[in-house]
Amino acid sequence: MLRDSFILAKRNITKMVRNPEQFIDVTLQPIIMTVLFVFIFGGAVSGDSSSYLPFVLPGIIVQTIMFTSLTIGVNLNTDIQKGVFDRFRSLPISRSAPLLGAVTGDIVRHAIAITVTLGFGALLGYQFTTGWYSVLGAVALMILFAVSLCWVSVLIGMLARSSGSVQGLSFLIVFPLTFGSSTFVPASTLPDWLQGWVAINPVTHVIEVMRGLLSGPSYMAAGSTLGGELVWVLGSCVVLVGIFFPLATWAYRRKI
Amino acid sequence: MANAIEAHGLTKSYGSTRALDGIDIEVPQGTVLGVLGPNGAGKTTAVRILATLLRPDAGTAVVSGFDVVHQSKEVRRSIGLTGQYASVDEDLTGMENLVMIGQLLDLSTKNARARAVELLAEFDLTDAGRRLAKTYSGGMRRRLDLAASLIGRPNVVFLDEPTTGLDPAKRDDVWDMIRSLVRQGTTVLLTTQYLEEADALANEITVIDHGRVIAHDTALGLKRQVGGQTLEVRPASVTDLDRVEALLARVGTREPERPSVDQLSVPVADDAALTTVVAALAAERIAVSELSLRFPSLDEVFYSLTGAQTPAETTEVAA
């Protein structure tokens, strides 16, 4: 089953490289977002763009990964519509191999996106002060969160009628999660009602941990600790997987 | 001879729609069965059940000696599927598609590559092998689809409407490929909406409608039942209609009909009738403006078999 999943993951990666739209999602888009936020909003939020960079770069990584982790549903839905899945199903491979292949391919996409964002950040003067272990830990945690979240997208991809509606529904979920958080501005600057949502939004906690691990604890929100935020993130992963993995695999088996 | 496919009493419902209502299918090893029926008759549902993509609600099906429900993995190892649904990946090249499927069939990368090269050559796609499948024409895609289903040298191949939407020349290409497949001993189940296609390729034909088998016979037997081909004559002058009618009555297997005011049609048993009629028309010096021999349409097949009009309004049941 592992060999089959890798063969199918290779297919997904080949398709991503071929398909400029999807490749831009993980390369050009984080670069554009970084330029946009650092140079346009940096001065307003942090006084100048160079002190905003360590604050916003972890946020841009989180936002990029949020968007990429939701394309899995679009891709699976397209494969079903086009009959590619029926071909797979007529082959003597494990029923979960296409799904595992898609998830494995996505992990590669996430790794590319994170590397591009960090690399571009470094070009702009981002300094890695926390050590390699912290950076690798941040990358691992980000991917763990993405893989936990992707089941939401798999579920939507299996239930929606067209890949277009998968995209629409996914955006509906991603926008409040990414923008209703401390991604771009400190949560303390937000109105009270929004702060209530920000505090329970798992993405906020992911961002805090990413800031702590990549830029250093001084960039985290006042009063939050790396350990405490880490518990929140791991807890969110458990809840996401606990709810959406069974639902997504149920919907997948129904189609498969 | 052992049966490569044997199904009894297959039923499948989608909600309140009964897509299959207890059908039996038998295909002896090394032969071609044509499953003929209109859209929505249940052809695709039957293929999907036999190819293990769907579970039947009731009934049993054995393919290559394995039960489709309980030994699905063994069945999948012995079948190839090409059709309206099972498709190649448009974002990969022809070569990449075939290599990937070969690898999924447990071939080593090297063997998968060799098999892909072989099949691309066999299906006249060697030059196109490096191009993305989305740049292929309809006929090339069908050939790639067919090649993809043959990588594992399957014992049984399912072809779900393999030529629908192809122009006649491309259709003939696909037919030739199917024939060469059969010469190699492969058992083929092919669904089609055209009696002509079933007649050209199949040893036996099963006609289904509303999820039931309404006829099963050899191509010849079925053509006898429905009157084989139809001869249509349009005399140059309507005053000759009665003479032509009398003449056609002698060669036809049934009474001639008048499908329009200036035209006559009659079912005939074989191609020889055309020669007979041409000679008779010449002898009686009757000028004709149109003379043609054609296979009965699906409507006519159904009319002869059931005495009812084709259920044209039935829509394909989404699977």
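Throughout, read-outs are computed from the coordinates displayed, never taken from laboratory work. If you're wondering where the values come from, they're calculated on a predicted model, not measured in any experiment. Please note: Cβ atoms are built from the backbone with ideal geometry, for glycine as well, and neighbour counts cover all protein chains shown.
Inter-label distance, B:Ser16 to B:Asp67: 3.4 nm, where each label sits 7 Å from its Cα along the C-beta direction. Most simply put, the protein assembly as shown has about 65% antiparallel DSSP beta bridges, counting only bridges with both residues inside it.
Using R0 = 25 Å, the C-beta based FRET efficiency linking A:Val239 and A:Asp192 works out to 0.50. Based on a Kirkwood Rh over C-alpha pairs, give the Stokes-Einstein translational diffusion coefficient of chain B at 10 °C and viscosity 1.306 mPa s in µm²/s. Translational diffusion coefficient: 74 µm²/s. Under the criterion of Cα pairs below 8 Å and six or more residues apart, the relative contact order for region B:229-294 equals 50 percent. Compared with the dominant principal axis of the Cα atoms in chain A, helix A:226-255 is inclined by about 20°. In this simple spin-label approximation, B:Thr306 and A:Ile173 carry label points 7 Å from Cα along the Cα→Cβ vector, and these lie 4.4 nm apart.
Given +1 on the Cβ of Lys and Arg, -1 on the Cβ of Asp and Glu, and no further charges, what dipole in debye does region A:2-255 carry about its Cα centre, rounded to the nearest 20?
Using Cβ point charges on Lys, Arg, Asp and Glu, region A:2-255 gives about 1200 debye.
Peptide A:90-98 shows a mean partner chain C-beta count of 6 within 10 Å per residue C-beta. The label-point distance for B:Arg224 and B:Ala249, in a model that sets each label 7 Å from Cα toward Cβ, rounds to 2.5 nm.
Charging the Cβ of each Asp and Glu at -1 and of each Lys and Arg at +1, and nothing else, the dipole of the protein assembly as shown about its Cα centre rounds to 1700 debye. Just to confirm the number: angle between the C-alpha axis of helix A:97-123 and the first principal axis of chain A, 0 to 90 degrees, nearest 10? Computed tilt is about 30 degrees.
Between A:Glu21 and B:Asp217, what FRET efficiency follows from the Cβ-Cβ distance if R0 is 35 Å, with the result rounded to 0.05? Display every interim value, and only then the final one.
Values: r = 53 Å, r/R0 = 1.51.
Efficiency, from the Cβ-Cβ distance: 0.10.
So how tilted is helix A:163-179 from the main axis of chain A? Cα-based, degrees 0 to 90, rounded to 10. Between the helix axis and the principal axis of chain A, the angle is about 20 degrees. Ordering A:Leu53, A:Gly73, A:Leu28 by Cα displacement along the dipole of region A:13-96 toward the positive end leaves A:Gly73 in first place; charges were set at the Cβ atoms of Lys, Arg (+1) and Asp, Glu (-1). Among the lysines of the protein assembly as shown, pairs that are 8 or more positions apart or on different chains and have alpha carbons within less than 20 Å of each other number 13. Sorted ascending by nearby beta carbons within 10 Å, beginning with the fewest, B:Asp145, A:Asp4, B:Asp24 become B:Asp24, A:Asp4, B:Asp145.
Each of B:Ile23, B:Ala46, B:Ala128 was placed along the dipole of chain B (beta-carbon charges, centred on the mean Cα), and the one lying farthest toward the positive end is B:Ala128. Simple rule: put +1 on each Lys or Arg Cβ and -1 on each Asp or Glu Cβ in chain B, find the dipole, and look at B:Thr218, B:Val62, B:Phe295; the Cα lying farthest toward the positive end is B:Val62. With neighbours defined as other Cβ atoms within 10 Å of a residue's Cβ, the residues B:Glu284, B:Glu204 order from fewest to most as B:Glu284, B:Glu204.
By the count of other C-beta atoms within 10 Å, a proxy for reagent exposure, A:Glu208, B:Glu255 are ordered fewest to most as B:Glu255, A:Glu208.
What do you get when you divide the Cα radius of gyration of the protein assembly as shown by 2.2 N^0.38 Å, with N the number of residues?
Output field value: 1.28.
Consider all pairwise Cα distances in region B:229-294 and report the whole-number % of them above 17 Å. Roughly 27 percent, once rounded to a whole number. The relative contact order of chain B comes to 20 percent, based on Cα pairs under 8 Å that sit 6 or more residues apart. About its Cα centre, chain B has a charge dipole of approximately 940 debye under the convention of +1 per Lys or Arg Cβ and -1 per Asp or Glu Cβ, with nothing else charged.
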